[in-house]
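Note sheet for the following structure.
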Amino acid sequence: MQAQKDIDFSKIKWSKITREKAEFIYNEAIARLDSIHRNNDIITNKAIGMLSFSLPILAALTGYFILQIKELSTPLLAMSICAGVFLFAILVLLLLILLPRGINSAQGEPSAYFTDNYYLSSMLNILKGNIQTLHQYIKEDGTIQRERANLFNAAVVLFAIFPIISAGVWAVLSLY
């Protein structure tokens with residue numbers, strides 16, 4: 001089911017929600033938050049894989065560039081610089097993905113349930129409170145997931161076009 005981006009919980013008719021419905025909604029919210037966390041793990045693993053592939057290429061290119069700088073023709077020098085800039089940008093994007101981000105846990109702290117006599121509330125009221133909290137966590141963690149996915153997509157696009165643009169720079173400068 002496609003969810004609304006935001007919910008005004010004050011407009012919900014809580015009296016119409018049974019404990020069974022609240023448990024169902026709560027379990028769905030837990031499953032959604034877990035799905036977001038799994039997707040974040042997948043993005044992280046892909047970024048690590050791409051980083052482990054890109055870093056040696058950048059290191060080899062940099063080493064070659066430093067060792068051969070005096071012997072490179074202008075087109076090859078320009079192509080090497082262009083490729084290096086692209087690879088550096090890719091590495092920055094991948095490192096931004098790997099920066100630690102605060103994500104929310106689906107489990108509540110036991111101390112939270114013993115604050116302000118919260119533990120005296122009915123189970124239905126506890127579920128209602130947890131549903132509202134999980135909704136907020138889903139929004140926050142979903143935003144983090146989308147940002148990381150966008151960074152990864154940008155890195156993939158740069159990785160796909162950098163050889164073409166680098167070769168184009170070489171071809172154009174070779175004509176002159």
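Each value in this text was obtained by applying a stated rule to the coordinates, not by laboratory testing. A quick note: this is a predicted structure, and the numbers were derived from the prediction, not measured. Using ideal geometry, Cβ is built from the backbone for each residue, glycine included, and neighbour counts are taken over all protein chains shown.
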Ordered by number, the trypsin sites (Lys or Arg not before Pro) in segment 64-168 that occupy a DSSP loop and have at most 11 other Cβ atoms within 10 Å are 70
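Which whole number in µm²/s is D for segment 17-174 by Stokes-Einstein, with the Kirkwood Rh taken over Cα pairs at 20 °C and 1.002 mPa s?
Values: Rh = 19.2 Å.
My calculation gives 112 µm²/s for D.
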Using only Cα atoms, tell me the angle between helix 74-98 and the longest principal axis of the chain; keep it within 0 to 90° and round to the nearest 10.
10 degrees
Report ³J(HN,Hα) in whole Hz for each residue of segment 137-150, in order, from the Karplus equation J = 6.51 cos²θ - 1.76 cosθ + 1.60 where θ = phi - 60°; Gly and Pro get x.
4, 4, 4, 5, 6, x, 5, 4, 4, 5, 4, 5, 5, 5
Mean residue ellipticity (222 nm) of the chain, computed from DSSP H runs ≥ 4 via -39,500 (n - 2.57), nearest 500:
-27000 deg cm²/dmol
With a 31 Å threshold on alpha-carbon distance, the violating pairs from 46/70; 46/128; 46/139; 16/139 are 46/70; 46/128
Treating only the Cβ atoms of Lys and Arg (+1) and Asp and Glu (-1) as charged, compute the dipole magnitude of the chain about its Cα centre; round to the nearest 20 debye.
340 debye
Taking Cα centroids, how far is segment 1-54 from segment 128-176 in Å?
21 Å
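If the only charges are +1 at each Lys and Arg Cβ and -1 at each Asp and Glu Cβ, what is the size of the charge dipole of segment 6-54 around the Cα centre, to the nearest 20 debye?
Numbers: 8 positive and 7 negative charges, 34 e Å.
Rounded to the nearest 20 debye, it is 160 debye.
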